[in-house]
Amino acid sequence: MRIEAVSIFPDYFQPLELSLLGKAREAGLVSFQAHDLRAWTHDRHKTVDDTPYGGGAGMVMKPEPWGEAFDQLIPEGSEPVVIFTTPAGIPFTQGLAQELAKSQHIIFACGRYEGIDQRVVEHTKTRAKVLEVSIGDYVLNGGEVAAMVMIEAITRLIPGFMGNAESIVEESHSDGLLEYPSFTKPASWRGLEVPTVLLSGHHAEIEKWRKAQQLERTERNRPDLLGYL
Ligand code: 6GU
């Protein structure tokens with residue numbers, strides 16, 4: 001999988017060089033490259049923003065540098081996925097991460113200021129599968145951190161990336177419920193006991209207990225997932 005990001009702060013992506021993603025990269029499963037949007041400007045000040053038509057607060061990212069970036073980064077005759085990061089996008093979910101993990105080429109377009117001129121989104125649809133995606137109901141200063149969140153969630157689902165395929169099947173959100181609580185040794189710690197069913201060796205009982213815990217946790221922390229909201 002080839003992943004790229006276009007940003008006015010490409011240095012934000014430095015951590016992707018390290019850790020888990022670094023390992024997937026070493027194994028040749030994924031490549032990553034961050035690009036500086038200002039490379040596609042032509043004025044002395046490398047201007048990427050301007051005032052909004054219709055008035056209002058803040059600045060809007062100009063279309064021209066983005067257009068030239070995609071002219072260069074979208075290969076002729078291929079159809080990569082281009083993800084525009086925006087709090088106004090569709091929600092990023094485990095399901096979307098699973099879909100995107102099948103992609104050959106993903107380009108993240110990281111907006112800053114009050115967003116990117118909407119015509120960039122429309123024009124990019126002529127050459128790519130375009131998604132406007134949000135990572136949650138809060139506002140970040142820019143899409144760089146959101147892109148990193150998505151990159152981590154997507155790359156760990158690439159076949160061959162994680163050692164244990166079962167831990168992906170069992171984890172939170174992959175069955176629409178939150179994960180059950182986990183315990184390890186010692187069985188007694190600071191006066192707190194591990195639930196006895198987990199020490200029993202009765203696999204059917206353990207499975208039943210874990211499912212009940214999943215439901216209780218989900219009802220308490222995320223009633224929306226159960227359709228209660
Ligand atoms: Cl993708 N971008 C920004 N700027 N803020 C966000 C977001 C994205 N998702 C949630 N908040």
Of Asp50, Asp36, Asp43, which residue is out of contact with any Phe, Trp or Tyr (no Cβ under 6 Å at 6 or more places or on another chain) and within 17 Å of Ile107 (Cβ to Cβ)?
-> Asp36
Taking the range 43-82 and keeping only residues that are under 25 Å from the mean Cα position of the chain (by Cα) and polar (S, T, N, Q), one is left with Gln72, Ser78
Does at least one position in the range 110-133 carry a residue that is under 26 Å from Tyr53 (Cα atoms), within 12 Å of the ligand (Cβ to nearest atom) and of a type in the set (Val, Ile, Thr)?
-> yes
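Condition check ((1) closer than 15 Å to Ile116 by Cβ; (2) out of contact with any Gly (no Cβ under 8 Å at 6 or more places or on another chain); (3) among the small types (Gly, Ala, Ser)) across all residues:
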| residue | (1), (2), (3) |
| --- | --- |
| Thr41 | yes, yes, no |
| Pro52 | yes, no, no |
| Lys62 | yes, yes, no |
| Val81 | no, yes, no |
| Phe84 | yes, no, no |
| Ile90 | no, yes, no |
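Laboratory data are not the source of any read-out in this text; all were calculated from the coordinates shown. Values in this document were obtained by computation on a predicted structure and should not be read as measured data. Cβ coordinates were reconstructed from backbone atoms using ideal geometry, including for glycine residues, and neighbour counts include every protein chain displayed.
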